[in-house]
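The values are calculated or read from the model by the stated rules, or taken from the named source; none is laboratory data. Computed from a prediction, not measured in an experiment: that's the story for all the values here. Cβ atoms come from the backbone with ideal geometry, glycine included; neighbour counts cover every protein chain shown.
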There are 2 protein chains.
Amino acid sequence: MYLNPLGIVSNMPDSGAASAAPKEVRSSPLPSMFARYRDGFVSHMKGSVPGYDTSAGHDGSLDGLYHMLSYHLGWSDSSGRPVDGEGSQGKALRPTLCLFACESLGGNWSQARPAASALEMVHNFSLVHDDIQDGDLERRHQPTVWSLWGQSQALVSGNALRSVADQTALELAELGVPTSKALKATQILTNACLEMIQGQCLDLSFERRLDIGPTDYLDMVSRKTGSLISCALQMGALVATDDASPIRFYGEAGQYLGLAFQVRDDVLGIWGDESTTGKAAGNDILRRKKSFPVVYALETCTSAARQRLFEIYNREDLTEQDVADVMMVLEEVGAESYSQRTAEERASLALEQVRKISLETWAFHEFEELVSFLAIRHY
Amino acid sequence: MYLNPLGIVSNMPDSGAASAAPKEVRSSPLPSMFARYRDGFVSHMKGSVPGYDTSAGHDGSLDGLYHMLSYHLGWSDSSGRPVDGEGSQGKALRPTLCLFACESLGGNWSQARPAASALEMVHNFSLVHDDIQDGDLERRHQPTVWSLWGQSQALVSGNALRSVADQTALELAELGVPTSKALKATQILTNACLEMIQGQCLDLSFERRLDIGPTDYLDMVSRKTGSLISCALQMGALVATDDASPIRFYGEAGQYLGLAFQVRDDVLGIWGDESTTGKAAGNDILRRKKSFPVVYALETCTSAARQRLFEIYNREDLTEQDVADVMMVLEEVGAESYSQRTAEERASLALEQVRKISLETWAFHEFEELVSFLAIRHY
C-alpha cells in the first residue's frame, strides 16, 4: 500500500516490489464529469468537422480528407463506416476540463462548447503529427492515420484538423460570448498551441541527447502537455467569468495537472498493463523513449549502469536483453516509485491552486476526484 | 509577338515556336508596390518571430526552432548567421497585396502589418510542409528545411510558423483595429488557411490520378493558391473600410489572380529559364508534376500520345527521352500558348473585379501593373 500526498490509498508499490503492481485492475471508470459533458461536445464537434455527415454516401473531392479526420477521431472505421460507441475516441480530457471549469464558476457550459471542441481538435492534430514523427503504427488500439494513408496525407489531415479547430474556436462569438472575450479565448488557444509545438520540438531534440535531466524533461512536458491542459481550464473559466483570479488559478492548476498526467503516462508506458493501456509493457523502453523514469535513472544510477544505458539508447534496435537491462537499472534506482511520487506531488499542487478559487463543494469534490484519477489511473 | 487579353504586348510565342521563348530576358523588376511595403512588413515580421534577435548569440533551448524559421524566411544562413539583402526571401506577394489593398482604399497600411506578416508566415508554413511532401531539396536557390534538419524538425517548424502567424494576426487589435474587425480578419485568415490545406490535399490526390481535367486542376489551384491571395486582399481591405463591396470585389479578384499566378508558374516550371526561376527547364516534367499544361495535354492529345503519357507518368524515374517525349506532346497540342492564354484570361478577370471598386487612378494603375506582372513574369 502507498499513501500518496493526496491522501488517497493506492496499490502503488515501492521500487523494491515493482512486480506487485496492480496488474489485476483491468480498468478504472472515468470520473463522473467525463460522462456529463461528452455528448454535448461530441455532437458539437461532429457539426464542426465539415463533410462528416456526408462522408459515407457520395464521392466529393474532399471526402478522403474528412474521412481521415473522422477515422482518427474514432467516429468511423478505416473504410468510412460510422462506428458505434466511444471505442477509439480517447478520454477527451481537455474538453471535459474546459466545460467543467466553465460550469464550476457558474457559467453556461453549453456556451463553451466551441472552445471544448477546438481543444480536442488541436490535441488530435498534435497526435496525428506525433504519430508520423514517432513512426507509431497504433494509437487507441487501431492503426495510425499515416500508417493507413501515408505520411503526406496524414500531414495534411493534421493541418486540416488544426484549421477546423481554429474555425471552431471562433464560433464562441456566435454562441453569445462577447467579441472581446472570444478574441481573448482565441489568443489563449493560439499561445497554448505554440507552446505545445515548442514542447514537441524540445522532445525531438531530446531524442538525440543523453544529458537531459528530470528538470529539463518536466520543462518540456509543461509545454508539450501542460499548456493545452492549462488552456482548457482557462478557456472554460473565461467563458464563465470576467474575474481574472480564477482564470489564473485554473491556468496554474492546469500546468501541474499536465505534469501529473504525463508522468503517470510515462509510468504506464513502462509498467502499464497492455489490456488497459493498449500498449505492451516496456513499450516505451523498446522505443527508446527518454520518458521521465529513464531520465531520472540516467541522472541517479551508477556510472557503470549509465554507461550501459548510453550504449543501449545509442542503438537503433533493442534486443529483449537490452530491455531487461534497462528495466533492471530503473528498478535499482527506484524509478517507478520516484516517478509516481512526482506525478502525485504535481497533482497535489494542482489541487492547491484550485483551492484558492472559492468553488462550490460539488465542484471542488469533482476536481479532487479528477486529480486523483489522473495521477493514479491505469489507462 | 502575342497580344494578350490585357492588351499587353509580350514575347509569348505561339505553340509552333516554343523554342523562340524570351529566354534572353534574365529578370524583370518587381512592380513598384513591392518595394514600398517591404521594409515595413519585414521589420514587423522579424519582431513577431520569437527568438529571432537572440538566435545568434546564446544557446537557449528553442534556438534551434527559431533558427530553422529564420533560415527558411531568408534572414539567416544554415549556420545561423544573419544574411544581408533579400536573396532568398521570396517575392512576398501576399503581404504586398494586403498592404496595397489597405492603402488603395484610403486605409493606414501600417495598421495592417500584422495581417501582412501573418499571411507571409502562413504561406511559408505551407512551403515548409510542401517541401517535405514533395521531397524537394531546393527552394529559392537554397536547401530546404527538411533536407537540412530532417522531416520531423521541418514538420514541427512549419507548425510553429503557423502558430506564430496566428499570434501575429491577433495583434491587429493592438494596432487600433476594432476588436470585432480583428476577429473577422482572423476568421478570414483561418478559412483561407483551411481552403489552402484542402487544395494541398486535392493536389496530393491528383498525383495518383490521370483522369484530372483542366477544370479539376483550376478548382484545386483556386483553393491551394487562390484562397490565400484572395484572403490577403480581403484582410487589407477590411482594415481600411467598413464597406463590404470592395472587400468582396478584392476577394474575387484575388481568386482570379491566384489562378493567373499559378498557371504562369506552371508555364515557368516547364519552359522557364533556370537562371531566373531557380529551377531547371523541364523541371516539372522530370518531377512528374501534373501541372496545368500537362493536364491540358492529357485531355486534348491523341489517344496514342495519351497512352505514352500514362506510361511515363506511372513510372518512378524518368529518362531524358521520356522528358523529350512529354515536351513533344505538349508542343503538339499547343500547351504553352493555351496555358499562357488561360493565365492572362484569369488576370483579365481579376482586373475586371477591381474595376468595380472606385479606386484612385494611381491605385488602379498599380494593380494593373501587378496583374500584368503576375501573368507574364519570368521568375
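Quick one: which residue in A:297, A:347 is crowded, with 17+ Cβ neighbours inside 10 Å and within 30 Å of residue A:237 (Cα to Cα)?
Going through A:297, A:347 in turn, just one is crowded, with 17+ Cβ neighbours inside 10 Å and within 30 Å of residue A:237 (Cα to Cα): A:347.
So that you can scan it fast, the table gives a plain yes or no per residue for (1) in contact with a His (Cβ under 7 Å, 6 or more places away or on another chain); (2) modelled with pLDDT of 90 or more; (3) among the aliphatic types (A, V, I, L, M):
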position	(1), (2), (3)
A:276	yes, no, no
A:279	no, no, no
A:289	no, no, no
A:364	no, yes, no
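Scan region A:168-211 for residues that are under 17 Å from residue A:45 (Cβ atoms) and either in contact with a His (Cβ under 6 Å, 6 or more places away or on another chain) or surrounded by fewer than 21 Cβ atoms within 10 Å (Cβ to Cβ) (or both) and jot them down.
A:171, A:174, A:175
Considering only helices (runs of 4 or more DSSP H) fully contained in region A:261-313, which possess at least 3 residues that are within 19 Å of the chain's Cα centre (by Cα)?
Qualifying helices (runs of 4 or more DSSP H): A:274-277.
In the set A:371, A:354, A:326, which member is part of a helix (DSSP H, G or I), among the hydrophobic types (A, V, I, L, M, F, W, C) and within 19 Å of residue A:213 (Cβ to Cβ)?
One residue alone meets the criteria, A:326.
Identify, by number, the condition in (1) in a helix (DSSP H, G or I); (2) within 14 Å of chain B (Cβ to nearest Cβ); (3) without any contact (Cβ under 8 Å) to a residue 40 or more places away in the chain that residue A:217 doesn't meet.
(3)
Could you list all residues from region B:130-169 that are within 17 Å of residue B:193 (Cα to Cα) and without any contact (Cβ under 8 Å) to a residue 40 or more places away in the chain?
B:155, B:158, B:159, B:163
Looking at the structure I just gave you, is residue B:135 surrounded by fewer than 23 Cβ atoms within 10 Å (Cβ to Cβ) and closer than 20 Å to residue B:369 by Cβ?
So residue B:135 fails the test.
Could you tell me which residue of region B:260-284 is farthest from residue B:331 (Cα to Cα), considering only residues that are crowded, with 24+ Cβ neighbours inside 10 Å and among the aliphatic types (A, V, I, L, M)?
Among them, the one singled out is B:260.
Pairs please, first residue from region B:286-297 and under 14 Å from residue B:333 (Cβ atoms), second anywhere and polar (S, T, N, Q), Cβ atoms under 6 Å, 6+ apart in sequence or on different chains.
The qualifying pairs are B:292/B:339; B:293/B:339.
Exactly one of (1) within 12 Å of chain B (Cβ to nearest Cβ); (2) part of a helix (DSSP H, G or I) is unmet by residue A:212. Its number?
(2)
Right, residue B:124: over 19 Å from residue B:70 (Cα atoms) and either modelled with pLDDT of 95 or more or away from every other protein chain (no Cβ under 14 Å) (or both) or not?
Judged against the criteria, residue B:124 is not a match.
If you go through region A:195-209, how many residues are without any contact (Cβ under 8 Å) to a residue 40 or more places away in the chain, more than 27 Å from residue B:183 (Cα to Cα) and part of a helix (DSSP H, G or I)?
5
Just one of B:170, B:202 is in contact with a helix residue (DSSP H, G or I) (Cβ under 6 Å, 6 or more places away or on another chain) and farther than 27 Å from residue A:223 by Cβ; which is it?
The conditions single out B:202.
Do any residues in region A:170-194 that are facing chain B (nearest Cβ under 7 Å) have Cβ atoms under 6 Å from those of residues that are among the charged types (D, E, K, R), where the two are at least six apart or on different chains, and which pairs are they?
A:190/B:166
Just the residues that are assigned to a loop (DSSP other than H, G, I, E, B), over 13 Å from the mean Cα position of the chain (by Cα) and either of a type outside the set (S, T, N, Q) or under 24 Å from residue A:167 (Cα atoms) (or both), please, taken from region A:115-154.
Scanning region A:115-154 gives A:135, A:136, A:137, A:141, A:150.
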